[in-house]
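What follows is a single structure, written as structure tokens, with notes after it.
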Amino acid sequence: MKLLEFTDKFPDEQSCKEAFKAYRLKQGIVCKKCGGTHHYWKKNREEWECKKCQHRTTLKSGTVMQSSKLPYQYWFIAMHLITSTKKSFSAKEIQRQLGHKRYEPIWSMVHKIRSVMGLRDDEYQLKDQIELDEGFFETVSITRDKSEPLKRGRGSQRQTTVLVSVESKDAGKSHNPKKHGKTKQVRYLKMKVVESLKKEEIGDAVKKNVEKGAKITSDKSTSYVDLDQDFEMNSKVIPKKEIPKALPWVHIAISNAKRLLLDVHHRIDDDFLQNYLNEFCYKFNRRYFGDLFDRLLVAAVSYRWNYLGETHG
């Protein structure tokens, strides 16, 4: 959605509130108390009342905006900014654009939006041909023991491990790669922060994000030794110069994500890296879908965020 279209469609707080209500009705209101789906709208209180048990549901309840005191227009503007560019906006820049005095509520709002992006992508699994590898992203940790000496390379306290899986397919005979062209076409992408490269943790993450029976191409890492029970594995030792050919899109995705995070956010806390990756993957996976604002608004009314760090549908 172009900027002028957005301002014409959502010029004020009331227009945003009415649009949010319409999207909620389209998704359906379900009573938390009895599971009823038939409600009255209490206009004077801006709540739905269940016809069966009279339990009331507020307009924000059960959505990403639950418990938020920020205006609806703030949320709409933030979602528009985030989806209007291939890159991203920092919470600080969104705060500046909104003219809000306090940084913390804007930061919280933006991370809640990124969290529902991840929840929407979690509904789908990758399938068919998969490239699999891990990437290491530079992060900071406020809980790290400063007296502990820093390690180098893999295992460094300044790096967070991310499991990267890409659904790709052979380009086919019609594809005429240039000198550095790719022999595979990329489709969808998942990036998941993992605590370690232990085979148990990696196995659980892959099974959650990749459809059983998929053909996985990876290096000969001991982290993947148990995957052949559920997947068709093509694991081999890959010389460094052969990686762009064997796993082309995994490493393009890692490189692009690192560049974007460094350019826009500069410093990332390891506790919140997954949210930034959620945004990157959400927009990458919908790069041909056209307007993303409406899709994100559907996700916003479908999930709620809990301040204890849990997300719920």
*asked:* With 10 angstrom as the radius, rank Val30, Val194 by how many other C-beta atoms surround their C-beta, starting from the fewest.
replied: Val30, Val194
*For Tyr103, what is the net charge nearby, where nearby means another residue's Cβ is under 13 Å from its Cβ and Lys, Arg count +1, Asp, Glu -1?*
+2
*For Met191, Met79, Met233, what's the fewest-to-most ordering of other Cβ within 10 Å of each Cβ?*
Met233, Met79, Met191
*With the calculation restricted to Cα positions, what are the radius of gyration and Dmax of the chain in angstrom?*
21.9, 68
*Would you mind estimating how fast the stretch 1-110 diffuses translationally, via Stokes-Einstein at 10 °C and 1.306 mPa s with the Kirkwood radius over Cα pairs, in µm²/s?*
102 µm²/s
*Apply the Karplus parameterisation 6.51 cos²θ - 1.76 cosθ + 1.60, with θ equal to phi minus 60°, to every residue of the stretch 77-82 and state each ³J(HN,Hα) to the nearest whole Hz, in sequence, with x for glycine and proline.*
5, 4, 5, 5, 4, 5
*Tabulate in residue order the Karplus-calculated ³J(HN,Hα) for the stretch 247-262, using 6.51 cos²θ - 1.76 cosθ + 1.60 with θ = phi - 60°, rounded to whole Hz; enter x for Gly and Pro.*
10, x, 7, 4, 7, 5, 4, 4, 4, 5, 5, 4, 5, 5, 5, 5
_Additional length obtainable on full extension of the chain from Asp8 to Arg287, 0.36 nm per residue less Cα span_ = 98.0 nm
*Can you figure out the FRET efficiency of Glu242 with Val194, using R₀ = 35 Å and their beta-carbon distance, to the nearest 0.05?*
0.90
*Could you put Arg56, Arg120 in order, starting from the residue whose Cβ has the fewest other Cβ atoms within 10 Å?*
Arg56, Arg120
*Would you kindly derive the ³J(HN,Hα) couplings of the stretch 195-202 from the backbone phi angles with the Karplus curve 6.51 cos²θ - 1.76 cosθ + 1.60 (θ = phi - 60°), listing them in order in whole Hz, with x for Gly and Pro?*
6, 7, 9, 4, 4, 5, 5, 5
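The numbers here are math on the coordinates, done by the rules we state, and not lab data. This one's a predicted model, so the numbers in the text were calculated from it and none came from an experiment. Note: ideal-geometry Cβ built from the backbone for every residue, glycine included; neighbour counts use all protein chains shown.
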